[in-house]
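The values are calculated or read from the model by the stated rules, or taken from the named source; none is laboratory data. Please read all numbers here as calculations on a predicted model, not as lab measurements. As a convention, Cβ positions derive from the backbone with ideal geometry for all residues, glycine included, and neighbour counts pool all protein chains shown.
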Amino acid sequence: FLWGIGSSAYQTEGAWDKDGKGPSIWDAFTHKKGKVFRNETGDSACDGYYKVKDDIELLKKLKVNHYLFSISWPRIMPTGIKTEQVNEKGIQFYNDTIKSLLENNIIPIVSLYHWDLPQVLQEKYGGWQNISMIDFFNDYANLCFEKFGDRVKHWITFSDPWAVAVKGYDTGEHAPGLKLGGCGAYKAAHHMIKTHAKVWHSYNDTWRSEQQGMVGISLTSGWGEPIDPHSQTDRDAAERYIQFHLGWFANPIYKGDYPEVMKNYVGRKSAQQGLGTSRLPTFSVQEKTCIKGTGFLGIGHFTTHYVLQKSFPVLQVPSYHTDYDLAELVDPKWPAPGPEWLYSVPWGFRRLLNFIKTQYGNPLIYVTENGVSEKVQCTQLCDEWRIEYLKGYINEILKALNDGVNVKGYTAWSLLDKFEWNKGFSERFGLYHIDFKNKNKPRYPKASADYYKKIISANGFPSSREVDNWHGEAMDTCSATHQRLATDSLIAHMEMVTEIVLPTVFTFCILISIVLLILYLRNHS
Ligand SMILES: *[C@@H]1O[C@H](CO)[C@@H](O)[C@H](O)[C@H]1NC(C)=O
Ligand SMILES: *[C@@H]1O[C@H](CO)[C@@H](O)[C@H](O)[C@H]1NC(C)=O
């Protein structure tokens, strides 16, 4: 069983325009005002581009088996098109990262796409709306296999394509910020699924025999529980919730087509809106065969909702969210440490994993993202709720293993506090805290880092007494770290003051001397 932790390029690297990197849709999006909380950007983020060695030290301290990170497509292909330009410095950066990881016995798990599409491809082609993305991405993926595949054995084509499709092309909360009225999300997803399949086959045909690695996809989905388990309509609604999130991508990849319920609902709604064809595209017979059975399943999971049936009227402007006729509720008794969407409901994860096992023929699963955030207002290094969250969720994964689910690894999300998309720096997922106000961006372990390290060392949970001890020790460590953080930030503050005050005083003294000198000369002339 592999224990690891993850991050993504745009959220951590910074150096957005350095060493030949081209702009991504996230650079363009965050540079527009009014898109992100407080107009923050990932221009420098965690300065991860300059801190590979420091961050690998953190990974060593945690004793993780693997580190999951993403490659920024425009960092190695500034325009996104291989025949136009390949940026050697970008390749060098990822080569160095991979090398340092392997020197420290940390397995790199690499995602090719964590949302930072080259901006040129958005401007010239409309991004994932355009079928030509399939070949551009395939060229990019093949370059990565060529350059890094001798050492990287775990590849992820897409991280959370659901968010790319829905938030990028339907609600517009994420880059490229488009609201394409219930068509764009399905089209973007359609192209990403075909791209995934093409890349899987490229690897299979060209690289697998030599490199012996594997390719999969990482899908993020919550669990939907019927609010009334005795009501057939609620049970159906909960089923739709899962099918419209996970099944949208997993069903084609493991069973060869979109879920029936998705085809029915989107088809019926499209007809009611007077459209001649469904807004959900269809796969040809050849495409279905090509897509089916392409790789392992990465799972990102954060929370659970109660679900009930709710019919939406036929709206003038259709949208993904009104296509599946349901409402989501939460139990106010569930702990919600951070943002309002993220409740801690560990049992939902076991149900999701079992659903995957039965629906998709027990595929190989890696948990690629699981964690909880806190709001920025409180600099909380003693994150007891995160400890409870990790304990609860990991425990349910171990139960799912006993149920026969084929989970081979767990990736905590995430290593660092980082740029959280449209939430800016206001949401923090890190096991390490970053003082973003300090220009050196120092990292400080939270209690959860200490606790997770112990889970890894014990490969799970030994006696409950021992686990209680971990809790106590993590709390002791974090209060000491808290003092260090306070001191550091005071020093940083004083340095900043000195940087401003000293030159001012100096200039002032010189001015006074000049005036005195002039007066003196005048008196003696
Ligand atoms: C973000 O930019 C918009 C547009 O310029 C401005 O109205 C708003 O006040 C800015 N927000 C912050 C927090 O600076
Ligand atoms: C795809 O890109 C090409 C080249 O720019 C363009 O001609 C075509 O209209 C685009 N298709 C869509 C659906 O945007």
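The set of residues in the range 420-435 being aliphatic (A, V, I, L, M) and in contact with a Ser or Thr (Cβ under 6 Å, 6 or more places away or on another chain) consists of LEU431 alone. Of the residues in the range 168-183, at least one is assigned to a helix (DSSP H, G or I), touching a residue at least 12 places away in the same chain (Cβ under 8 Å) and more than 16 Å from ligand 1 (Cβ to nearest atom).
Against the criterion of being outside any loop (DSSP other than H, G, I, E, B), small (Gly, Ala, Ser) and touching a Gly at 6+ places or on another chain (Cβ under 7 Å), ALA400 does not qualify.
If you go through the range 1-54 and pick out every residue that is within 16 Å of ligand 2 (Cβ to nearest atom) and under 22 Å from ASP450 (Cα atoms), you end up with 0. Every test in (1) in contact (Cβ under 8 Å) with a residue 60 or more places away in the chain; (2) within 16 Å of ligand 1 (Cβ to nearest atom); (3) not in a helix (DSSP H, G or I) is passed by ALA45 save one, and that test is (2).
Within the range 121-145, if we keep just the residues that are within 11 Å of ligand 2 (Cβ to nearest atom) and aliphatic (A, V, I, L, M), the residue that is surrounded by the most Cβ atoms within 10 Å (Cβ to Cβ) turns out to be LEU121. Considered as a group, the residues in the range 403-428 that are part of a strand (DSSP E or B) and hydrophobic (A, V, I, L, M, F, W, C) include one that is nearest to GLY34 (Cα to Cα), and that residue is LEU416.
Screening TRP385 on (1) modelled with pLDDT under 95; (2) in a helix (DSSP H, G or I); (3) buried (at least 19 other Cβ atoms within 10 Å of the Cβ) shows it passes everything except condition (3).
If the condition is being without any contact (Cβ under 8 Å) to a residue 12 or more places away in the chain, of a type in the set (Gly, Ala, Ser) and in a helix (DSSP H, G or I), then the range 125-148 contributes no residue at all.
Collect the residues in the range 451-490 that are farther than 17 Å from VAL372 by Cβ, assigned to a helix (DSSP H, G or I) and in contact with a helix residue (DSSP H, G or I) (Cβ under 7 Å, 6 or more places away or on another chain), keeping them in residue-number order. Listed by number, the residues that qualify are LYS453, LYS454, ILE456, TRP470, GLU473, MET475, THR477. Among the conditions (1) touching a Pro at 6+ places or on another chain (Cβ under 8 Å); (2) under 20 Å from TRP26 (Cβ atoms); (3) not in a helix (DSSP H, G or I), TRP115 misses just one, which is (1).
Inspect the range 441-450 for any residue being at positive phi, surrounded by 18 or more Cβ atoms within 10 Å (Cβ to Cβ) and either modelled with pLDDT of 95 or more or not in a helix (DSSP H, G or I) (or both) and give the result as yes or no.
Of the range 441-450, the ones at positive phi are 441.
This time we only want the ones that are surrounded by 18 or more Cβ atoms within 10 Å (Cβ to Cβ), so: 441.
Remaining after also requiring either modelled with pLDDT of 95 or more or not in a helix (DSSP H, G or I) (or both): 441.
Checking the range 441-450: at least one residue is at positive phi, surrounded by 18 or more Cβ atoms within 10 Å (Cβ to Cβ) and either modelled with pLDDT of 95 or more or not in a helix (DSSP H, G or I) (or both).
Regarding the range 62-70, can at least one residue be identified that is part of a loop (DSSP other than H, G, I, E, B), closer than 24 Å to THR368 by Cα, in contact with a helix residue (DSSP H, G or I) (Cβ under 6 Å, 6 or more places away or on another chain) and basic (Lys, Arg)? Yes - at least one qualifying residue is present in the range 62-70. Against the conditions (1) in contact with a Lys or Arg (Cβ under 9 Å, 6 or more places away or on another chain); (2) surrounded by fewer than 19 Cβ atoms within 10 Å (Cβ to Cβ); (3) within 26 Å of ILE107 (Cβ to Cβ), where does LEU398 fall short? Just the number, please. Result: LEU398 passes all but (1).
Checked against the criterion of being touching a Pro at 6+ places or on another chain (Cβ under 7 Å), crowded, with 21+ Cβ neighbours inside 10 Å and more than 29 Å from HIS31 (Cα to Cα), the candidates TYR393, TYR410 yield just one match: TYR393.
Residues in the range 1-48 that are buried (at least 21 other Cβ atoms within 10 Å of the Cβ) and in contact with a strand residue (DSSP E or B) (Cβ under 7 Å, 6 or more places away or on another chain): TRP3, GLY4, ILE5, GLY6, SER7, SER8, ALA9, TYR10, THR12, GLY22, SER24, CYS46.
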